[in-house]
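Each value in this text was obtained by applying a stated rule to the coordinates, not by laboratory testing. Fair warning: this is a prediction, and the values are worked out from it, not measured in the lab. FYI the Cβ positions are ideal-geometry reconstructions off the backbone, even for glycines, and counts take in every protein chain you see.
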Amino acid sequence: MGTPGRSGIIRKPNETMRLIITTFVGVVFGFFIGVSFPSLSLTKHLPSSLLPSIDLTYIEDKNSGLSTQTLLHAWSSLKGNRSSSNQAQNLNDTSKIWVPTNPRGAERLPPGIIASESDLYLRRLWGKPSEDLTIKPKYLITFTVGYNQKKNIDAAVKKFSENFTILLFHYDGRTSEWDEFEWSKRTIHVSVRKQTKWWYAKRFLHPDIVAPYDYIFIWDEDLGVEHFDAEEYIKLVRKHGLEISQPGLEPNRGLTWQMTKKRDDSEVHKETEERPGWCTDPHLPPCAAFVEIMATVFSRDAWRCVWHMIQNDLVHGWGLDFALRRCVEPAHEKIGVVDAQWIVHQTVPTLGNEGQAQNGKAPWQGVRERCRKEWTMFQGRMTDAEKSYYKAMGIVPPNSTAH
């Protein structure tokens with residue numbers, strides 16, 4: 001009977017010591033867990049309604065010598081250090097360049113280095129960059145050409161002074177032969193076979209590239225310029241406030257529209273009378289706000305709008321002349337024909353011959369069919385785009401008959 005009693009007396013102190021040691025180890029382990037994860041917070045993980053009922057002093061372990069108050073103080077210190085570290089990191093981040101107002105993709109560059117626009121000025125391979133240009137041309141003239149029209153282009157280029165940058169787009173791939181002309185050596189040549197001027201314009205005349213030029217001439221190759229002077233033309237365009245224009249056409253050659261017909265009694269005209277039923281509004285094409293696309297001249301601002309309207313896959317530009325009015329306001333006052341400086345449309349079907357014979361049709365027939373299809377497609381796209389816009393805005397289109 002005495003042995004069991006001695007055994008119980010001996011086991012009790014051992015169990016007490018084991019409990020003390022276990023508690024101490026648990027407290028220490030918990031402390032290091034708290035150190036490892038200082039961002040954890042009771043207030044983040046427990047409902048606020050429960051917090052008032054918890055007495056944190058109850059957790060105090062008298063045997064360990066570490067009170068809850070001491071642990072919380074250590075916790076607070078660690079959080080403070082972490083906060084200071086985060087603040088220092090944020091300060092370091094602000095030293096990195098990020099400018100949201102920079103052009104897209106250039107936000108990491110300091111604004112002072114941004115060159116958002118370019119030009120077509122030719123540069124030297126030597127000397128000081130600041131001394132490269134003896135003159136900065138103010139205007140740009142482009143021709144889309146084949147070598148067979150070299151005499152016509154030679155005569156045309158000579159009508160443009162050193163104030164013009166000359167750019168030739170070669171649809172036949174022949175460029176080196178043009179070096180027989182002295183002016184060709186200071187001309188920019190771009191060669192891609194069997195492409196139209198609007199294909200070239202969309203890809204090589206981005207508004208940010210031609211930004212230095214006040215006016216951009218985008219001309220065909222079959223234009224007679226005997227009665228044309230480029231500098232005088234610019235003066236008249238400025239005088240009459242034209243943003244989109246063309247020279248008048250000699251009345252007896254290649255005339256399609258009454259609007260583009262040269263008049264003898266005016267410097268510039270902006271409206272005309274067409275055949276009955278052709279104009280639903282005297283301020284709309286083809287009676288006003290209209291020029292053709294064969295010899296168009298754009299101001300810098302007008303071209304920025306027109307470039308965005310040119311479709312990537314519709315390369316002939318048919319229908320574009322009826323839509324140019326959307327890029328200036330009021331269009332019937334800022335689009336016009338310059339009568340005092342006129343040209344002759346020679347109607348040479350050179351680009352048509354670059355087509356391909358198919359199904360028994362001549363090359364030019366396939367090209368002409370494509371032109372007509374593109375006109376229909378462009379009109380459809382414009383109509384659909386307008387409808388989508390007005391629908392998204394929740395407003396009735398201006399030309400709608402709905403009440």
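Among the chymotrypsin sites (Phe, Trp or Tyr not before Pro) within segment 252-353, those in coil by DSSP and having at most 14 neighbouring Cβ atoms inside 10 Å are Trp278. Report the calculated FRET efficiency for Lys235 and Ala362 (r = Cβ-Cβ distance, R0 = 35 Å), to the nearest 0.05. That gives a FRET efficiency of 0.20.
With a Förster radius of 35 Å applied to the beta-carbon distance between Glu226 and Val190, the computed FRET efficiency rounds to 0.80.
Label reach from Ile395 (point 7 Å along Cα→C-beta): in segment 265-294, no amide nitrogen lies under 16 Å. Listing Thr376, Thr272, Thr134 from fewest to most neighbouring C-beta atoms within 10 Å gives Thr134, Thr376, Thr272.
The label-point distance for Tyr147 and Thr134, in a model that sets each label 7 Å from Cα toward Cβ, rounds to 3.0 nm.
Most tightly packed first, judged by the mean number of other beta-carbon atoms within 10 Å of their residues, the peptides 220-227, 280-287 read 220-227, 280-287. Projected label points at Met309 and Asp265, each 7 Å from Cα along the beta carbon direction, are separated by 3.1 nanometres. Multiplying the residue separation of Leu122 and Asp154 by 0.36 nm and subtracting their alpha-carbon distance yields 9.5 nm.
Between Ile114 and Phe204, the distance separating the two model label sites (each 7 Å from Cα on the Cα→Cβ line) works out to 2.9 nm.
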